[in-house]
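K.L.:
So that we are looking at the same thing, I have put the structure below in structure tokens.
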Amino acid sequence: MPGGPTYPITERCVYLNTGWSGPNSAAVIAAMHARAEREGYDGPAAPDVRHEKALLVRGVRASFARLIGAGEDEVALTYTTTEGVNTALFGLGLQPGDEVVTCNLEHNAVMVPAYEARRRLGIELRIVRLPSRDETAATIADAFEQAMSPRTRLVVISHVSWNRGTRLPIAAICERAHARGALVCVDAAQSAGHLPVDVRALGCDILAMPGHKWLLGPDGAAMLYVRRDLIERLRPLAVVHGASRQYDYEGHFEPADDTIHKFELTTHSGVVLAGLQQALDEALARDRDAVERHCLALATRAIEGLQRIGGVRITTPLHESVRSGIVTFEVDGTNPHEACAALWGLDRIVTRVVNDKRLRACFAAFNGERDVDRLLAAVGQIATRGLPAGTPAAGEWKAYLADAED
């Protein structure tokens, strides 16, 4: 978006993979560099340096809370979104026969923990199956309602699906889940930073999100929101001193069950925190409605352009009620991994393959129309002329990226 921070990545490639990990602004990079120098030269635990880090922890926590409309006493600093999802699944005391509802659009960070909860806890797992591209907010909400029963205890879903870009109607799903006495945990990894996220408006009970995707911060930090009246009930996966109100070495221990800090482990990176604080400052300074309009406009430009290219099939839902800044598509007769490699080889366009079958392009605040047009030109070349000579084979490209390692 014009007039905002500068992103060095835009001078080197067409970066359309923010849904995996977003690039940093020049100011974020500078903040991390300055913090690394400060800790490296003056000592990370020297009194004044340690004090600065404590202020960073408080500042990042407060900024996350402000970003999502939560109280600071409802937000914990974590390391990954997956940590928060696991906390919801394993910390609520679910019993054999209790039902958890999710859907077929979920990332492995939801599906694998959900299957593991079924294996360990004996819960029933209901997976709502949504169509490939014809869904609307109303049909999705209805599908979730039909999947719920009196035994449903938890719904675990993404705000925006990673593999199709579908924006789920969280507020409507929460309303229907609450009517049945169920709680809702939201994975906001693909929404926070390009769509407004307000936990009060959504009505969710638990929400987890990272700082490194659409918020454009560094890898390695995330947050967990827990509705205030639910904190005491929800158990952390692992505990350190934040889970204790008082203890001694004679056997006395008083737990701090009612504090959000029981979900926080220790030793966050000062460098990561410094970069994340700058990224959050930048996110809070943006008009979030304007960012949403910008991302949706770029996605629309991409969809309309791809629809004019023969042999390309859009797999992103087209109804405006479920649209986001993510566009997924397939090129007929072309392995998606090889197409992904070809886009990089043709014009240094960074995309990714999702579900091993479709290409995904993410349009974020720093992207512009020229990025869309370069994508369209390269896809058009692949669709009409085939893969360029020297394009790596699918297996070679997958091995090069080593997706499973990150």
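Values in this text are rule-based calculations from the coordinates and carry no lab data. Because the structure is a prediction, the values reported are computed rather than measured. A quick note on method: Cβ atoms are made from the backbone with ideal geometry, for glycine too, and the neighbour counts reach across all protein chains shown.
K.L.:
Could you check how many residues of the range 122-136 are outside any strand (DSSP E or B) and buried (at least 20 other Cβ atoms within 10 Å of the Cβ)?
P.N.:
Step one: of the range 122-136, the residues outside any strand (DSSP E or B) are 122-123, 129-136.
Right, trim to buried (at least 20 other Cβ atoms within 10 Å of the Cβ) and you get 123, 130, 135.
Qualifying residue count for the region: 3.
K.L.:
Moving to a separate point now. Only residues that are of a type in the set (S, T, N, Q) and in contact with a strand residue (DSSP E or B) (Cβ under 8 Å, 6 or more places away or on another chain): list them for the range 13-51, please.
P.N.:
Let us first name the residues in the range 13-51 that are of a type in the set (S, T, N, Q), namely 17-18, 21, 24-25.
Correct list: Asn17, Thr18.
K.L.:
Output the residue which, of all residues in the range 177-192 that are touching a Leu at 6+ places or on another chain (Cβ under 8 Å) and surrounded by fewer than 24 Cβ atoms within 10 Å (Cβ to Cβ), is farthest from Pro210 (Cα to Cα).
P.N.:
Out of the qualifying residues, it is Ala182.
K.L.:
So, one more: Residues in the range 79-113 that are surrounded by 22 or more Cβ atoms within 10 Å (Cβ to Cβ) and small (Gly, Ala, Ser): how many?
P.N.:
Residues in the range 79-113 being surrounded by 22 or more Cβ atoms within 10 Å (Cβ to Cβ) and small (Gly, Ala, Ser): 2 in total.
K.L.:
With (1) out of contact with any Leu (no Cβ under 6 Å at 6 or more places or on another chain); (2) without any contact (Cβ under 8 Å) to a residue 60 or more places away in the chain as the list, and Ile123 as the residue in question, which single condition is left unmet?
P.N.:
(1) is the only condition that Ile123 fails.
K.L.:
Check Gly203, Gly220, Gly211 and return the single one that is under 21 Å from the mean Cα position of the chain (by Cα) and surrounded by fewer than 18 Cβ atoms within 10 Å (Cβ to Cβ). Before the answer, list the steps.
P.N.:
Numbers: Gly203 fails: surrounded by fewer than 18 Cβ atoms within 10 Å (Cβ to Cβ); Gly211 fails: surrounded by fewer than 18 Cβ atoms within 10 Å (Cβ to Cβ).
The match here is Gly220.
K.L.:
For a quick check of your reading: which strands (runs of 3 or more DSSP E) sit entirely within the range 239-348 and have at least 2 residues that are among the polar types (S, T, N, Q)?
P.N.:
Details: elements: 244-247, 253-255, 312-314, 326-331.
Those strands (runs of 3 or more DSSP E) span 244-247.
K.L.:
When only residues in the range 333-386 that are under 29 Å from Ala283 (Cα atoms) and among the polar types (S, T, N, Q) count, which is surrounded by the fewest Cβ atoms within 10 Å (Cβ to Cβ)?
P.N.:
Asn367
Conditions (1) in a loop (DSSP other than H, G, I, E, B); (2) surrounded by fewer than 20 Cβ atoms within 10 Å (Cβ to Cβ); (3) of a type in the set (D, E, K, R), marked per residue:
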{"residue": "Leu77", "(1), (2), (3)": "no, no, no"}
{"residue": "Arg120", "(1), (2), (3)": "no, yes, yes"}
{"residue": "Ile140", "(1), (2), (3)": "no, no, no"}
{"residue": "Ser149", "(1), (2), (3)": "yes, yes, no"}
{"residue": "Gly165", "(1), (2), (3)": "yes, no, no"}
